[in-house]
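Undergrad: Structure provided below as structure tokens; questions to follow.
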Amino acid sequence: MTFGKAIRHQWPLDPEIVYLNHGTVGVTPTVVLDTQDAIRREIEANPSAQLLREISGMIGGGGSGGGGGRLRRAADRVARFVGARDDALAFVGNATEGVNAVLWSLDLGPGDAILTTEKTYGGVRQAVRYACRQTGADMVAASLPCPLSRESAVRAIDEAITETTRLAVLDHIISETGALLPIAELIELCHARGVLVLVDGAHAPAQVPLNIPLLGADYYAANLHKWAFAPRSCGILWASETTRPSLHPPVISWNLDQGLPPSSIGQAPAILLPGWPHPPGSTFSSGSAPTPCGPTTTSWSGRRPSS
């Protein structure tokens, strides 16, 4: 696989800069952006038919392609990319939106506690703080030592759990430091103590091999527009079979009491453009794994150099 200046022309980057901030705002390949523009034009040719039938599948069983609409079929591809079942995953605007959906789906109250860490991403930390303020629950932050080891991470979380801890919000990859937490082991520890686990996997897709169900979490929120080359803004929320039915979107509309929705949490048109597969082949389609933007970005998400 080619890297460096030989492929720089495949991104719309200013040639005068060296772009290093993919962790905050990823850069999307030009071919993916062109596909996104084509989809926009397709929608505008017949908005009602496209949005209600072909894309969302709200009427007509998913239009000409069946299967619940193009958005649902895209979510199915992404589910396979992260090792999940088709009905266990939905699109969200970003990982923080997924976190909010989980927080406001829990019946929290005084005497409950949510466990975070001192390295929890700022936006997620604020979401937890607000949920606790509104429900009377307590927010607890475990202190992770630096340098961080597997043993010290497990010890820090174990010591921070109490009998009131209802939910642990844990990073898969810490945004500030890039440290990879022993997330499967931490999930097992939390479950042994009777604590639900929400994983903030904002940086994990296309950075590390990912099989979400095998991790054992109750919820997993992630972004596809950082390292997986999807256009902004596009994220996913995965939920276990036991937690799925009780989920609510952060903005209530027609999707009230549906549990994990068929394709997206929130208002689908805001995120549908990055989401579904691009039918034609392209120079980005030589990889072997399904990807967030379909074949258009397969080689970038599916073929990584060996570590």
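Undergrad: Determine if segment 197-218 includes at least one residue that is more than 14 Å from the chain's Cα centre (by Cα), crowded, with 18+ Cβ neighbours inside 10 Å and assigned to a strand (DSSP E or B).
TA: There is at least one residue in segment 197-218 that is more than 14 Å from the chain's Cα centre (by Cα), crowded, with 18+ Cβ neighbours inside 10 Å and assigned to a strand (DSSP E or B).
Undergrad: Is there a residue being in contact (Cβ under 8 Å) with a residue 12 or more places away in the chain and either in contact with a Leu (Cβ under 7 Å, 6 or more places away or on another chain) or on the phi > 0 side of the Ramachandran plot (or both) anywhere in segment 143-150?
TA: no
Undergrad: Cβ contacts < 7 Å: first residue farther than 16 Å from Leu33 by Cα, restricted to segment 1-14; second residue open to solvent by 80 Å² or more (accessible area, probe 1.4 Å), any location; separation 6+ or different chain. Result?
TA: As it stands, the answer is Met1/Arg303; Met1/Pro305, since those pairs meet every condition given.
Undergrad: Here is a follow-up. May I ask you to verify whether Ile174 is crowded, with 19+ Cβ neighbours inside 10 Å, out of contact with any helix residue (DSSP H, G or I) (no Cβ under 9 Å at 6 or more places or on another chain) and either aromatic (Phe, Trp, Tyr) or touching a residue at least 12 places away in the same chain (Cβ under 8 Å) (or both)?
TA: Taking the combined requirement at face value, the residue satisfies it.
Undergrad: Using beta carbons and a limit of 6 Å, which pairs, at least six apart or on different chains, have the first residue in segment 43-60 and part of a loop (DSSP other than H, G, I, E, B) and the second one modelled with pLDDT under 75?
TA: Within 6 Å, the pairs are Ser56/Ala268; Gly57/Gly68.
Undergrad: Just name the residue that is farthest from Val154 (Cα to Cα) out of those in segment 105-142 that are surrounded by fewer than 17 Cβ atoms within 10 Å (Cβ to Cβ) and without any contact (Cβ under 8 Å) to a residue 24 or more places away in the chain.
TA: Gln134
Undergrad: Does Asp86 satisfy the condition of being out of contact with any strand residue (DSSP E or B) (no Cβ under 6 Å at 6 or more places or on another chain), within 18 Å of Asn223 (Cα to Cα) and open to solvent by 10 Å² or more (accessible area, probe 1.4 Å)?
TA: The answer is yes for Asp86.
Undergrad: Within the group Val18, Val102, which residue is under 20 Å from Leu224 (Cβ atoms) and either of a type outside the set (Phe, Trp, Tyr) or buried (at least 21 other Cβ atoms within 10 Å of the Cβ) (or both)?
TA: Val102
Undergrad: Also, I was wondering about something else. Out of the residues in segment 219-245 that are touching a Cys at 6+ places or on another chain (Cβ under 7 Å) and more than 18 Å from Asn100 (Cβ to Cβ), state the one that is least open to solvent (accessible area, probe 1.4 Å).
TA: Among residues in segment 219-245 that are touching a Cys at 6+ places or on another chain (Cβ under 7 Å) and more than 18 Å from Asn100 (Cβ to Cβ), the one least open to solvent (accessible area, probe 1.4 Å) is Ala230.
Undergrad: If you go through segment 77-104, how many residues are polar (S, T, N, Q) and at pLDDT below 90?
TA: So the answer is 0.
The values are calculated or read from the model by the stated rules, or taken from the named source; none is laboratory data. Bear in mind the structure is a predicted one, so any value in this text is a computation, not a measurement. Don't worry about glycine lacking a Cβ; one is built from the backbone with ideal geometry, like all the others, and counts go over all protein chains shown. Quick note on the areas: whole protein, heavy atoms, side chains included, nothing else; ligands and nucleic acids left out. Shrake-Rupley method; radii C 1.70, N 1.55, O 1.52, S 1.80 Å.
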